[in-house]
Amino acid sequence: MTDESVPESDTALDDAPAAETESPYGEPGPPLEHTPFYVGLLGGLGLGVAYWLATRFLEIGSVLILVLVAMFLAAGLNPIVEYFMGHGLKRPWALLVVIAGVLVTLALFVLAIVPVVTDQVNTITDNAPDWLDQLTHNRQIQNLNDRYDIVTKAKDYIASGDLAKAAFGGALNAGLKVLSLLGNIFVVIVLTLYFLASLPTMKRALYQLAPASRRDRVSKLGDQIVRGVGGYVSGAFVIAMCAGLSTLVFLLIVGLGEYAVALALVVAILDVIPMIGATLGAIIVCAIAFATDPKVGIISIIFYVAYQQIENYVIYPRVMSRSVEIPGALTVIAALIGAALLGVVGALLAIPTAAAILLIVREVWVRRQDAR
């Protein structure tokens, strides 16, 4: 009796799952995610979300540019922090020294340089009509002036203040733009100091996003990119300071001391811009020198032609030798693309960005291709 009951129970248990899988409504169809409707719905939703994110990204583009500039400046100041750390200071104390130095430098610049630059810019504006009068001594310019009254219109344009109105859109807009500029400068300074203080923490957090098996290589490549960006930014400022100081000394020697500080500052700022910055600064100085005295103008042309050769073949290679390794043609292409995308800021950031991309391509993609 017991032998017959055991197979009956086993048979009932075996049949139970089969009975549970059967449905009175028929066999289920294929999963919904494979239907064209489902794919099209997800694609449409994805496109809508991408468009929404793109529009939001464009709205905060100006803020992102400030953040990007602050990050590059922090990377440029980081080598100074590491220099003090290499001489025995711990990072908090090295950060304190660098931050205090930056704030003191900015305060001295505002208190000492800005008033002098303002006075010299006013002097240049006051003397501009006389320089325009001197241009009429040229026969071709005189003929053009007789036909179209160019010089007179330019003098009236400068004297009436229309130039400032056109540049700033009136007194109210000028004040708003100055306040906006000061606000942006303040934001960049605060973000730069914050990024500088938290740079190691930020790097570790970003490196943790990589898989554990590749994290060591990613961290080494990331550290090299940060060092390259920092070396380029700090090197660009060193080269700009050399250009500004040499211009200041030159103008004091040739007798243009009343414009020396303002023009030296203009040359230093423009020299930061790749490719065309140094040439633009030289053109401005030479134009004012020619308007003051043709002999001084000729001497200025000779000086800047000689100085740019020294800067291109002596100063720049020595300063940048340990920061970025990028071919000359790629430098030009990167600067043009950066200027087209983000203007002056894009041109400034294009070269270290191109160097970082080139490093990643060389160390990741090329090595992978060589291993095949």
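The values are calculated or read from the model by the stated rules, or taken from the named source; none is laboratory data. For clarity, every value in this text was computed on a predicted model and none was experimentally measured. Neighbour counts run over all protein chains shown; Cβ positions are idealised from the backbone, glycine included.
For this structure, a couple of remarks:
- Pairing residues of region 85-103 that are in contact (Cβ under 8 Å) with a residue 40 or more places away in the chain and surrounded by fewer than 15 Cβ atoms within 10 Å (Cβ to Cβ) with residues that are of a type outside the set (Ser, Thr, Tyr) and assigned to a helix (DSSP H, G or I), at Cβ distances under 8 Å and at least 6 apart in sequence or on separate chains, gives 91/81; 91/85; 91/200.
- Extreme residue, farthest from residue 109 (Cα to Cα), among residues of region 238-256 that are hydrophobic (A, V, I, L, M, F, W, C) and over 27 Å from the mean Cα position of the chain (by Cα): 254
- Residue 80 within 19 Å of residue 235 (Cα to Cα) and not polar (S, T, N, Q): yes
- Single match in 306, 339 (criterion: under 15 Å from the mean Cα position of the chain (by Cα) and not β-branched (Val, Ile, Thr)): 339
- Unique match (being in the same structural domain as residue 315 (by TED's automatic domain parsing) and without any contact (Cβ under 8 Å) to a residue 24 or more places away in the chain) among 225, 253: 253
- Residue check for residue 218: of a type outside the set (S, T, N, Q) and modelled with pLDDT under 85: no
- For region 268-295, the candidate set comprises residues that are at pLDDT 85 or above and farther than 26 Å from residue 349 by Cβ; within that set, the residue that is surrounded by the fewest Cβ atoms within 10 Å (Cβ to Cβ) is 295.
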